[in-house]
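Peer 1: Sharing a structure with you now.
Bear in mind that the values in this text are calculations on the coordinates, not laboratory data. Note that the coordinates shown come from a computational prediction; the quantities given were computed from them, not determined experimentally. Cβ: placed from backbone, ideal geometry, glycine included. Neighbour counts: every protein chain shown.
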Ligand code: BDR
Ligand code: CA
């Protein structure tokens with residue numbers, strides 16, 4: 001199959017970002033036209049290095065655009081306690097060789113949206129800082145992008161950062177507010193869905209025990225997160241970014257869901273909360289996905305590590 005779907009991934013790898021990126025790289029109909037990288041799970045120097053390691057592993061050149069190292073306004077704590085100090089489980093990986101582009105992430109997003117106008121699909125797996133900056137550079141961006149799917153928010157459950165905020169939104173609420181106010185149409189895979197649709201730890205461990213180079217890589221970088229999951233006594237693994245990628249790769253198999261607008265809470269103890277309201281014509285129209293093709297998740301993950 002010829003890859004006919006240009007896809008750009010905005011990301012802060014992160015172990016679950018790595019899974020999602022390998023899923024996209026293995027999808028026969030997808031052409032990965034770039035990855036714009038943001039600081040989030042860990043600092044930008046690590047998320048960039050981790051993206052380079054992933055591109056090495058994928059084995060074909062993919063532009064890596066360096067993005068925002070910090071949120072727009074307020075510094076926020078990262079997620080090194082989940083992903084390891086380097087974001088990849090402190091696995092002592094070899095120095096990667098894939099280059100970083102001299103084009104900044106926000107510019108790279110705008111350029112790709114012009115190059116693939118009306119066709120580009122965009123998935124955001126990290127804080128929305130790069131997207132907010134891209135939108136400020138080119139307000140016509142939403143009209144050029146075919147789909148924007150965001151992993152973020154906690155609509156029906158407590159968040160994973162605070163009782164109110166999910167990590168990607170809580171890390172840079174001001175950027176999220178710009179995107180959710182101005183983008184047009186957004187699909188959302190949120191933390192509540194991640195909790196509902198989490199795959200069993202055993203199934204993931206079995207995929208990670210595979211013999212391929214990709215399985216060995218994912219096994220190495222997953223040990224720290226596996227320990228975090230085990231310490232919590234969980235028998236399911238919250239796979240936020242892979243679930244979002246599943247909805248990106250198989251749009252026709254996502255069903256149900258609710259529509260409305262999302263207001264990001266910027267102040268007080270609910271900072272970073274995502275309030276779903278009735279549709280406001282002056283804000284982005286958001287589709288909150290509810291039913292994902294989770295039956296396919298395990299085989300898609302297995303396929304991604306071949
Ligand atoms: C999100 O936060 C990050 O830690 C994960 O990579 C995912 O994108 C889940 O809340
Ligand atoms: Ca992420």
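Peer 1: Most mobile of 135, 195, 75 per a Gaussian network model of the chain (Cα springs, under 10 Å)?
Peer 2: Highest fluctuation among the options: 75.
Peer 1: Which order results if 232, 146 are arranged by neighbouring Cβ count within 10 Å, fewest first?
Peer 2: So the ranking, lowest neighbour count to highest, is 232, 146.
Peer 1: Let me ask you something else. Take every Cα pair under 8 Å in region 215-306 that's 6+ residues apart, average their separations, divide by the length, and report that relative contact order as a whole percent.
Peer 2: 28
Peer 1: Pick from 267, 279, 160 the residue whose mean-square fluctuation is largest in a GNM of the chain, springs joining Cα atoms under 10 Å.
Peer 2: Residue with maximal mean-square fluctuation among 267, 279, 160: 267.
Peer 1: Tell me what the chain gives for mean residue ellipticity at 222 nm when only DSSP H runs of n ≥ 4 count, each as -39,500 (n - 2.57), the sum divided by the residue total, rounded to 500 deg cm²/dmol.
Peer 2: -11500 deg cm²/dmol
Peer 1: Here is a follow-up. When a/c is below 1.5 the answer is rounded, else prolate if a/b is larger than b/c, else oblate, so apply that to region 1-79 with a ≥ b ≥ c taken from the square roots of the Cα gyration tensor eigenvalues.
Peer 2: Prolate, since a/c reaches 1.5 and a/b exceeds b/c.
Peer 1: Round to the nearest 0.05 the FRET efficiency obtained for residue 114 and residue 202 when R0 = 41 Å and r is the Cβ-Cβ distance.
Peer 2: E(calc), rounded to 0.05, equals 0.35.
Peer 1: How would you classify region 100-224 from its alpha-carbon gyration tensor, with a ≥ b ≥ c the square roots of the eigenvalues: rounded for a/c under 1.5, else prolate if a/b is greater than b/c, otherwise oblate?
Peer 2: Because a/c hits 1.5 or more and a/b fails to exceed b/c, region 100-224 counts as oblate.
Peer 1: Something else: With a 10 Å Cβ neighbour count serving as the proxy for reagent exposure, in which order, fewest first, do 289, 116 appear?
Peer 2: On the way: 289 22, 116 19.
Lowest count first: 116, 289.
Peer 1: Here is a further query. For Cα pairs less than 8 Å apart in space and 6+ apart in sequence, what is the mean separation divided by the residue count of region 148-290, i.e. the relative contact order in percent?
Peer 2: Working: 251 pairs, mean separation 51.4, N = 143.
After rounding, I find 36 percent.
Peer 1: Another question about this same structure. Run the paramagnetic zone check for residue 156: 7 angstrom along Cα to Cβ, then residues of region 249-281 with backbone nitrogen under 12 Å.
Peer 2: Backbone N within reach: 256-259.
Peer 1: In terms of the Cα gyration tensor, with a ≥ b ≥ c the square roots of its eigenvalues, is the chain rounded because a/c is under 1.5, prolate because a/b exceeds b/c, or oblate?
Peer 2: Cα axes put the chain in the rounded bin.
Peer 1: While we're here: Nearest 5 percent is fine: what portion of the DSSP beta bridges confined to the chain is antiparallel?
Peer 2: DSSP beta bridges in the chain are roughly 25 percent antiparallel.
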